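Peer 1: Pasting a structure here, questions to come.
Only the coordinates and a few stated rules stand behind these numbers; no lab work does. What you see is a predicted model; the values in this text were computed from it and never measured. Please note: Cβ atoms are built from the backbone with ideal geometry, for glycine as well, and neighbour counts cover all protein chains shown.
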Amino acid sequence: MALEMRAVCEKCNVDLDAGGDAHICSYECTFCTDCSKEMNSVCPNCGGELVARPKRKG
């Protein structure tokens, strides 16, 4: 099962490149770095930890 690489931040709707910086929780909720910092790296949907999302080439 592949990781879903969502293309926009769930909070501010900024575009997220698959090779760029983003943060996810274990349910793959996805946020930009700025929003993740604002939320103290805690997912507002599930309360889980937001961590750096792996990057893909291309």
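Peer 1: Treating only the Cβ atoms of Lys and Arg (+1) and Asp and Glu (-1) as charged, compute the dipole magnitude of the chain about its Cα centre; round to the nearest 20 debye.
Peer 2: 180 debye
Peer 1: Continuing with the same structure: Between [x] 0.93; [y] 1.06; [z] 0.99, which entry matches Rg/Rh (Cα atoms, Kirkwood Rh) as derived from the coordinates of this structure?
Peer 2: Only one listed value fits the structure, namely [x].
Peer 1: Kindly put Ser26, Ser41 in sequence by how many other C-beta atoms sit within 10 Å of each C-beta, fewest to most.
Peer 2: Exposure proxy ranking, most exposed first: Ser26, Ser41.
Peer 1: Rounded to the nearest 500, what is the 222 nm mean residue ellipticity of the chain from helices alone, with -39500 (n - 2.57) per DSSP H run of 4+ residues and division by all residues?
Peer 2: -2500 deg cm²/dmol
Peer 1: Moving on to the next point. Write out the trypsin sites (Lys or Arg not before Pro) in the chain meeting two conditions: DSSP loop, and at most 16 other Cβ atoms within 10 Å of their Cβ.
Peer 2: Those that pass, being in a loop and sparsely packed, are Arg6, Lys11, Lys55, Arg56, Lys57.
Peer 1: Out of Ala7, Ser36, Cys46, whose Cα points farthest toward the positive end of the dipole of the chain (charges: +1 Lys, Arg; -1 Asp, Glu; placed on Cβ)?
Peer 2: My answer, from the dipole projection, is Ala7.
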